Amino acid sequence: MSLEAAEQLAVQLRTIRDEAGPDFPAGSPAGRERSSYQRPESISTLNGQAIVLAEAAADNLEALITLVRLGKLAVAPWVTARATLEATSQAIWLLDPAISIEERVGRSLGLRYRSLRAQETLFREKAMAESLEAVHRRMEDVERVAMTLGFSKQRTKADKLSGIGLPRPDLTSLVASLLGSTDLYRILSGVAHGDVGVLNQLCSKVIRDEGAEGVILVRSPASGLLMMLVSKVTQVYARTEWLMILRFGGDTDKAKAILEEKFNELKFRDTEDVRFWRSAIARPSS
């Protein structure tokens, strides 16, 4: 596993995405959806959500590689990896090429609802009445938009808003669907949440055994495991950038060449599930 190759892969894919520019070509999937959908603003919103998630993933991956390269920090790389996977999994869920435009907009609305609910909780806890009222008005506005687009009204028996659009699965399920297992995400969450057992096993080493009195531990990076972690996170991140390049009309031939070269250099498995850009569903739609 080469940190340099992982870093180069991320930078080069991001460059291709950036070259497509914010004003995506009319013939790109994003452009076609915007021109054909009944409410173009909804497509602009979901495109913006995808860009924010992809940028968050890129930033966290860069931080992960930097932290592992330093070789000094035992806990922070695991937390950063978790943040990368959370951003990538949501971006991939939103941009899934196999879903319809209606479902994509529904997912976008679901993300907006979650964000507004988080703001509501914060403003209520801080007793910020004016801000709380504003976020409630925004929820009502988004709900009205969803209903004009054909989405069902989601209310409790007490007529309280319970959802908008399509609900986003919990992050454990989203990340697990990409990794094929919930184990890694649970481990990352254990580190992030300060689980003493997980921290002892992954982020510490014994320097002295006191017998019945216990052991003396010091913080210590698990270098081999961290390199494996970078490998796994890089593969998932590459999927996000590939979908962004497809959506915004980037140079897919150039992206494929980079993916083949760097996946070979990184010694990733030569199978269709790992080399995702080879599958029919990953190709640009005509």
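Within the range 1-39, being among the aliphatic types (A, V, I, L, M), out of contact with any Asp or Glu (no Cβ under 6 Å at 6 or more places or on another chain) and either under 14 Å from Ala54 (Cα atoms) or free of Cβ contacts under 8 Å to residues at least 40 places away in the same chain (or both) holds for Ala10, Val11, Ala26. Given the structure, is Leu225 part of a helix (DSSP H, G or I) and at pLDDT below 90? Here the answer is no, as Leu225 does not meet what is asked. Filter the range 108-129 down to the residues that are surrounded by fewer than 13 Cβ atoms within 10 Å (Cβ to Cβ) and not in a helix (DSSP H, G or I), then identify the one that is farthest from the chain's Cα centre (by Cα). Out of the qualifying residues, it is Ala127.
The rows are residues; the columns are (1) among the charged types (D, E, K, R); (2) modelled with pLDDT of 85 or more.
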{"site": "Ala158", "(1), (2)": "no, yes"}
{"site": "Pro167", "(1), (2)": "no, yes"}
{"site": "Ser181", "(1), (2)": "no, no"}
{"site": "Ala192", "(1), (2)": "no, yes"}
{"site": "Cys203", "(1), (2)": "no, no"}
{"site": "Arg219", "(1), (2)": "yes, no"}
{"site": "Thr240", "(1), (2)": "no, yes"}
{"site": "Leu243", "(1), (2)": "no, yes"}
{"site": "Leu246", "(1), (2)": "no, yes"}
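Can we say Ala134 is at negative phi, among the aliphatic types (A, V, I, L, M), at pLDDT below 95 and outside any helix (DSSP H, G or I)? No; evaluated as a whole, the condition is false for this residue.
The residue pairs whose first member lies in the range 124-151 and is of a type in the set (S, T, N, Q), whose second member is surrounded by 15 or more Cβ atoms within 10 Å (Cβ to Cβ) and part of a helix (DSSP H, G or I), and whose beta carbons are closer than 7 Å, counting only pairs six or more residues apart or on different chains, are Ser131/Phe123.
The values are calculated or read from the model by the stated rules, or taken from the named source; none is laboratory data. Being a predicted model, the structure only gives us computed values, none of them experimental. Cβ sites come from the backbone with ideal geometry, for glycine too, and all protein chains shown count toward neighbours.
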